[in-house]
Amino acid sequence: MLRLQKLTKTYRTGDQALKEIDLEVGKGQVLALIGPSGAGKSTLIRCVNRLVQPTSGAVWLEDTDLTKLGSGALRRARREMGMIFQEYALVERLTVMENVLSGRLGYVGFWRSFLRWYPQSDIDEAFRLLDRVGLLHMADKRADELSGGQRQRVGICRALIQDPKLLLVDEPTASLDPKTSRQIMRLITELCRERRLAAIINIHDVALAQMFVPRVVGLRFGEIVYDGLPTGLTPEKLTDIYGEEDWEATIKKVEDEDEVEVEAAE
Amino acid sequence: MPVLEKENAQTWRRRTTGENLFRWFGWLIGVAIFVVCWQRISEATTWFFVWDAPRIAGDIWTRATPPRWEYITQLGRPIWDTLNIATLGTLIAICLAVPVAFMAARNTTPSVLFIRPVALLVIVSSRSINSLIWALLLIAIIGPGVFAGVIAIAIRSIGFCAKLLYEAIEEIDHTQVEAISATGASRWQVMAYGIVPQILPAFAGIAVFRWDINIRESTVLGLVGAGGIGLQLSASLNVLAWPQVSLILLVILAAVMISEWVSAKVRGAII
Amino acid sequence: MSHRELEDMLGKGWRKPPFVSNPKLRWSLILGFVAYLVAAFMTIEVDWGRVYVGLDRGWAFILAFTSPDFTSRASDIWDGLLESIVMTVAASVVGILISIPIGLGAARNIAPLPIYLVCRGIVAVSRALQEIIVAILLVAIFGFGPLAGFLTLSFATIGFLSKLLAEDIEAMDKVQAEAIKASGARWLQWINYGVQPQVMPRLVGLSMYRIDINFRESAILGLVGAGGIGATLNTAFDRYEYDTAAAILILIIGIVMSLEYLSGIIRAKVQ
Ligand SMILES: Nc1ncnc2c1ncn2[C@@H]1O[C@H](COP(=O)(O)OP(=O)(O)O)[C@@H](O)[C@H]1O
Ligand SMILES: [Mg+2]
């Protein structure tokens, strides 16, 4: 469904953040993109919805090459791709409901959106989504009154109300505590399953990636160095991605935590 | 702060000798400039009047007290005009300042090379020139009256508001704007949802702040004929009616204090 | 529970919660504001015929900016400008020097109460009185000439700088200052080592800003006879010599721009 062909990005500063990336994501497939900071993870997903302009290569979303679109067509294409940000990127001075509804901006005209006259179906959907993430009672609170985890849930609703085919998720848990991180990851993967969404989830926490995601892609210096099952991430592979480090501890810890969680669940 | 080797002992000095000399030289030039300036002022001054100043001040004081309280009945309309000049001038100014600010801010300007310099020129021209001068100019063009005052205040305030506003626009959080763009919003929707909410508090603060300043400025616009209470002040000064002058000054003081209080309250409520 | 709530909300409209939640208050605010605007517009008398005639003159004035006349009144312009600069320099130096002790005295955390009250009183009076009004009074007392302008600007500088300096001192980091005090420093030493380093950069920045303001203000003091370029400008407007007026305004804008540029450099250096 999404296919990157020789995608390259060289920033004006001369940093080559992506080097001829080829990647294919099938319908409904959830994929974790791991790699050290500076590997080019954010650049990759931003090149997909063109918040960052790729230098060369192509991005095919179904049958359209996103890199060739003019601004109007790009706006329509962006409606198909929901994005979730690390620092939530909610508009802090708007209410939760306005933030969620802003996901519909690509579908409503300027004056409707300016006057907050959204179609009833959008409003209902916003309520349903807020209810799904447990924030219905917060609908009229201002976004800056929420906690980190709550903000990220609102961010998820904003992405989902776009009714996208693809979710682009940039470090959804980097600003959250470990427990909330797991809840958010679980929520995202569950929602992807419910709605058969494809997703690219950037994440630097290997343990979390292994826990929730069926396919892992490792990125290093703008190149794909691993693509496969989470179970295939052996210490050697991790060294390929991240450089020398004692991986036994990390992997072990994951297993321990899993056990703890299972116990807690029981 | 160098550590110097001196007679085999390390001594600590804040600056080296060269820097010290340079500093002293700088101070010397500064003092010399000040002395020259003072001399020019002194040459242009009739010192006889200055020595007489305490007597004259005392004289004015005795003439000006007590204020002529009953004159206040004639000040109602001028006060109303003053309020209107400030308020309408501010409203017009902020309407015009918003587009100028968006054109001047680096992250929203349509063209960094052509439009931004023009916007900055508008801002600096408007700011550099006092509202009294704008009033003089407008009176020469459209004749004396309240209308000239409103326009003068408006022109003077555009630069002030636009400058503060464009600085606020340049400081916004860019990821919020990106998030809105990523939903497929149009240019204007990105503006309305991503940028405007972020600058709204600054905008309101600036408007109220400028309104407060404009109340002060509009009290004196009448001195050049642009309406408001300054007209009465000027007329009273011309006929040396000091008791009226002192009453008008008291009224202006009260107006300034009330406007400061109001603007502090409103800003507190918004932010 | 939560699901029943959802069922209740589905199908219902949604409006953004209004800024003022009490509907009565909200409507009376809106109606009051509209009523005020209508009343204000009704009472402005605009002589549209005069304005229409004025448009030609306005256009002539704008054209004058393309061919400003620096030469025919060159000596008047030069004298006036020099006087403005002289007043600005002298008043800024004196104003800054005086505002430092007053600023220290007006900071509650370092000054004893009686001194604090006196200094705050001075600041309040200076801020409440407009430059131009002070200039009128001082001209009446000291006679025409730049001395009155110099005193006016000095006085205004004191109000502006002392207030901001005092607020800065009140907001400074207590721990640093107390560490110096704990080492047994005397009051002056304490100010020198504990307070000065913390507020110095901002003081320099504010002083630069005030010099800028002083120059702009010096351009209007001439209107009431307190010296500077204002008198020349006023004459130019009176005689409808737009090209000379344009030349003066261009000079003022140019000087203000270069002052801003200079102060930007200096501020960047101190910080
Ligand atoms: N706006 C930018 N301008 C210049 N270089 C950038 C920019 N954004 C990212 N880079 C560079 O691109 C590389 C990849 O960055 P990024 O995609 O943010 O990595 P990650 O998200 O994996 O941490 C880094 O070397 C970074 O310095
Ligand atoms: Mg990143």
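Here, each number is a calculation from the coordinates, and none is a lab measurement. Computed from a predicted structure; not experimentally measured. Here the Cβ positions follow ideal geometry from the backbone for every residue, glycine too, while neighbour counts run over all protein chains shown.
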Could you identify which residue out of A:R158, A:R79, A:R195 has the top mean-square fluctuation in a GNM of chain A using Cα springs shorter than 10 Å? A:R195
Could you tell me which of B:A241, A:Q183, C:G145 has its Cα farthest along the dipole of the protein assembly as shown towards the positive end, charges placed at Cβ (Lys, Arg +1; Asp, Glu -1), taken about the Cα centre? B:A241
For the range C:152-217 and the range C:92-123, write down the distance between their C-alpha centroids in whole Å. 10
Under a Cβ-only charge scheme (Lys and Arg +1, Asp and Glu -1), can you give me the dipole magnitude of the range A:2-265 about the Cα centre, in debye to the nearest 20? 1540
Using DSSP to define loop residues, name the trypsin sites (Lys or Arg not before Pro) in the range A:1-33 whose beta-carbon has at most 14 other beta-carbon atoms within 10 Å. A:R12, A:K27
Based on other C-beta atoms within 10 Å, arrange A:H204, A:H137 from fewest to most. A:H137, A:H204
Tell me which trypsin sites (Lys or Arg not before Pro) from the range B:22-106 have a DSSP coil assignment and no more than 11 other beta carbons within 10 Å of their own. B:R106
Test item: A:194-200 mean partner chain Cβ contacts at 10 Å: 0
Any idea which of B:I129, B:A97, B:T109 is furthest toward the positive side of the dipole for the range B:89-171, if Lys and Arg beta-carbons carry +1 and Asp and Glu beta-carbons -1? B:I129
Any idea what the dipole of the protein assembly as shown comes to, in debye rounded to 20, about its Cα centre with Lys/Arg Cβ at +1 and Asp/Glu Cβ at -1? 1480
Which whole-number percentage describes the relative contact order of chain C, with Cα contacts under 8 Å and a sequence gap of 6 or more? 25
Descending semi-axes in whole angstrom, ellipsoid equivalent of chain B, from the Cα gyration tensor: 41, 38, 18
Provide B:S157, A:S37 in ascending order of the number of other Cβ atoms located within 10 Å of each residue's Cβ, fewest first. A:S37, B:S157
List every residue whose amide H lies under 5 Å from the amide H of A:I84, counting only residues 5 or more places away in sequence or on a different chain, with H placed 1.01 Å from N in the peptide plane. A:L168, A:V169, A:D170
Rounded to the nearest Å, the spacing of the alpha-carbon centers of the range C:26-71 and the range B:198-271 is 19
Evaluate peptide C:141-151: per residue, the Cβ atoms of other protein chains within 10 Å of its Cβ; return the mean as an integer. 6
Which aspartates and glutamates have a Cα less than 19 Å from the Cα of A:K6, not counting those fewer than 8 places away in the same chain? A:D15, A:E20, A:D22, A:E24, A:E62, A:D63, A:D65, A:E223, A:D227
Within the set B:K163/C:K163; A:K68/B:K163; A:K68/A:K141, which residue pairs have Cα atoms separated by over 29 Å? A:K68/B:K163; A:K68/A:K141
Lys/Arg Cβ at +1, Asp/Glu Cβ at -1, dipole of the protein assembly as shown taken about the Cα centre: which of A:H204, B:A86, C:A39 is farthest positive-ward? C:A39
Kindly rank C:88-96, B:240-248 from highest to lowest mean number of other beta carbons found within 10 Å of each residue. C:88-96, B:240-248
Note on the protein assembly as shown, DSSP bridge orientation, antiparallel percent to nearest 5 equals 60
In what sequence do B:L164, A:L160, B:L250 fall when counting other Cβ within 10 Å, fewest first? B:L250, B:L164, A:L160
